[in-house]
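The structure appears below as structure tokens.
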Amino acid sequence: MAPGRTQTNSLHVAVIGAGAAGLVAARELRREDHTVVVFERDTQVGGLWVYTPKSEPDPLSLDPNRTIVHSSVYESLRTNLPRECMGYRDYPFVPRPEDDGSRDPRRYPSHNEVLAYLQDFAREFKLEELVRFKTEVVSVEPKDKKWRVVSKNSDGISNDEIFDAVVVCNGHYTEPRVAQIPGIESWPGKQVHSHNYRVPDPFKDQVVVVIGNFASGADISRDIMTVAKEVHIASRSNPSETYEKRPGSENLWLHSMVESAHEDGSLVFKNGKVIKVDTIVHCTGYVYHFPFLNTNGYVTVDDNCVSPLYKHVFPPAFAPGLSFIGLPWLGVQFYMFEVQSKWVAAVLSGRVPLPTEEKMMEEVKTFYAKRQAQGFPKRYTHRLGRTQVGYLNWVAEQVGEPPVEQWRDQEVDRGYQRLATQSDTFRDKWDDDNLMVEAYEDFLSQKLIDALPSQVLECTK
């Protein structure tokens with residue numbers, strides 16, 4: 001049953017980050033009559049999706065004193081999922097009829113199109129007026145049942161404020177994870193994390209090893225192979241005997257994981273192959289990082305598990321004053337940001353109750369124990385995958401929202417299957433036109449679009 005509209009609390013809320021999570025959080029908070037301040041380090045909205053050709057001076061991004069570049073987007077990046085399943089529920093990510101040629105109408109568009117969509121969303125709901133641009137949050141800490149937020153603008157001027165609540169939406173694509181390879185300290189070659197990869201040109205005529213074979217690893221290896229002498233993909237998920245040339249290429253091989261590195265410049269793989277290598281590219285993911293957050297050790301990050309969190313959102317002892325939007329991964333992200341934000345906003349207004357702190361902690365411990373019993377490593381605590389529909393439907397039910405549409409669930413599932421089995425073609429060849437048509441007809445029936453796009457009409461003939 002949907003929560004009723006009763007007398008609600010109107011709170012002063014800080015949102016950290018103006019990316020896809022922070023923007024929809026700001027919208028939902030304002031819809032619940034909260035006053036909102038969004039803190040954003042950049043000069044524009046978009047977060048992760050703001051491309052810059054700049055990269056960090058430390059190619060592995062391990063130096064804590066480095067100059068940080070917050071974007072991890074590379075020039076050739078396109079979305080991993082069809083656009084119609086990616087967008088917010090009431091503001092679909094569809095080709096714009098007013099397209100002047102600068103937009104990308106493809107089903108799997110470029111990063112520029114995603115940024116344009118987020119900019120459209122911010123304009124449509126007048127969210128930029130809530131954002132303090134070029135302002136970095138330095139410190140967040142509890143104070144007298146409220147939250148003290150210290151920020152600093154680009155002129156170095158600090159601001160010390162008190163908020164009723166803080167919603168953390170700072171993303172998790174800035175602090176890289178790097179593969180641990182025995183002997184790497186004496187290996188003479190170069191190393192770079194995908195966070196600092198932009199274009200393939202620096203790898204011309206090199207022998208390159210790409211560690212990781214999920215989305216970015218598959219993309220970057222195929223990007224680099226256009227200029228490199230050889231590209232070898234190493235993946236710990238592959239059986240130890242794996243060694244195969246990738247179909248359709250003359251210089252791309254798939255291996256098991258790297259076993260060791262040596263002073264002569266060689267890498268030894270678990271399949272026994274020994275290869276002299278110029279550069280290692282670590283496509284090994286990121287770690288959750290909240291350098292501004294001080295909870296006296298209550299909220300911790302251990303092997304990429306943020307703990308303790310009730311339903312990946314609320315730390316029980318600080319709920320509902322502190323919340324996190326967007327931690328779970330391997331799912332339909334923007335949609336998740338939206339339903340999580342609706343939940344946080346409704347809890348803060350008092351329309352939707354949370355369990356007691358004790359019950360939330362009991363639930364957290366039960367969840368962690370269940371994941372461990374199922375054999376999931378701790379670093380997979382926030383991995384959704386096939387559990388995403390159950391999770392999203394549970395959150396949606398708390399605020400009286402409908403469950404995930406069947407077409408959206410199926411598109412995500414089929415999309416990830418194609419990514420895994422046809423990583424070189426999945427963005428341009430697919431077998432689910434029926435789901436695409438169903439999605440757009442759903443948008444049309446809700447009056448979220450005025451007409452079916454031409455590419456959808458062709459599929460209905």
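The values are calculated or read from the model by the stated rules, or taken from the named source; none is laboratory data. If you're wondering where the values come from, they're calculated on a predicted model, not measured in any experiment. Positions of Cβ are generated from backbone atoms using ideal geometry, with glycine treated the same way; all protein chains shown enter the neighbour counts. Note: areas computed on protein heavy atoms with side chains; ligands, DNA, RNA excluded. Shrake-Rupley method; radii C 1.70, N 1.55, O 1.52, S 1.80 Å.
Considering the conditions (1) touching a Lys or Arg at 6+ places or on another chain (Cβ under 7 Å); (2) of a type in the set (Val, Ile, Thr); (3) outside any loop (DSSP other than H, G, I, E, B), VAL69 is excluded by exactly one of them, (3). Taken together, the residues in region 257-267 that are open to solvent by 30 Å² or more (accessible area, probe 1.4 Å) and under 20 Å from LYS229 (Cα atoms) amount to 1. Checked across region 13-27, the condition of being closer than 26 Å to ALA215 by Cβ, open to solvent by 60 Å² or more (accessible area, probe 1.4 Å) and either without any contact (Cβ under 8 Å) to a residue 60 or more places away in the chain or of a type outside the set (Gly, Ala, Ser) (or both) holds for no residue. Checking THR366 against (1) β-branched (Val, Ile, Thr); (2) in contact with a helix residue (DSSP H, G or I) (Cβ under 6 Å, 6 or more places away or on another chain); (3) within 13 Å of LEU309 (Cα to Cα), which test does it fail? (2) is the only condition that THR366 fails.
Taken across region 103-115, residues that are part of a loop (DSSP other than H, G, I, E, B), crowded, with 16+ Cβ neighbours inside 10 Å and within 15 Å of the chain's Cα centre (by Cα) do not occur at all. Among all residues of region 29-43, there is none that is basic (Lys, Arg) and part of a strand (DSSP E or B). Under the condition of being modelled with pLDDT under 95 and of a type in the set (D, E, K, R), which residue from region 59-81 is nearest to ALA25 (Cα to Cα)? It comes out as ARG66. Per this entry, ARG96 is not counted among residues that are among the basic types (Lys, Arg) and open to solvent by less than 20 Å² (accessible area, probe 1.4 Å).
For region 193-219, the set of residues classified as surrounded by 20 or more Cβ atoms within 10 Å (Cβ to Cβ), part of a helix (DSSP H, G or I) and within 26 Å of the chain's Cα centre (by Cα) consists of SER194, HIS195, ASN196, SER216, GLY217, ALA218, ASP219, listed by residue number. Just one of the listed residues (VAL395, VAL352) is open to solvent by less than 70 Å² (accessible area, probe 1.4 Å) and either outside any loop (DSSP other than H, G, I, E, B) or outside the structural domain of ASP164 (by the TED database) (or both), namely VAL395. Counting only residues that are of a type in the set (S, T, N, Q) and touching a residue at least 60 places away in the same chain (Cβ under 8 Å), region 419-445 holds 1 of them. Does region 274-294 contain at least one residue that is charged (D, E, K, R) and either closer than 30 Å to PRO92 by Cα or not assigned by the TED database to the domain that holds GLU259 (or both)? The answer is no, given that none of the residues of region 274-294 is charged (D, E, K, R) and either closer than 30 Å to PRO92 by Cα or not assigned by the TED database to the domain that holds GLU259 (or both).
Every residue, every condition in (1) over 22 Å from VAL167 (Cβ atoms); (2) in contact with a Phe, Trp or Tyr (Cβ under 9 Å, 6 or more places away or on another chain), yes or no:
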position	(1), (2)
SER349	no, no
MET361	no, yes
PHE376	yes, no
GLY390	yes, no
ALA396	no, yes
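PRO403 passes every criterion in (1) modelled with pLDDT of 95 or more; (2) open to solvent by 20 Å² or more (accessible area, probe 1.4 Å); (3) more than 23 Å from the chain's Cα centre (by Cα) apart from (3). Of the listed requirements (1) of a type outside the set (D, E, K, R); (2) within 30 Å of VAL313 (Cα to Cα); (3) in a loop (DSSP other than H, G, I, E, B), ASN238 misses just one: (2). Checked against (1) closer than 22 Å to PHE334 by Cβ; (2) open to solvent by 40 Å² or more (accessible area, probe 1.4 Å); (3) in a loop (DSSP other than H, G, I, E, B), LYS429 meets all criteria but (1). The one condition from (1) open to solvent by 40 Å² or more (accessible area, probe 1.4 Å); (2) touching a residue at least 40 places away in the same chain (Cβ under 8 Å); (3) in a loop (DSSP other than H, G, I, E, B) that ALA317 does not meet is (3).
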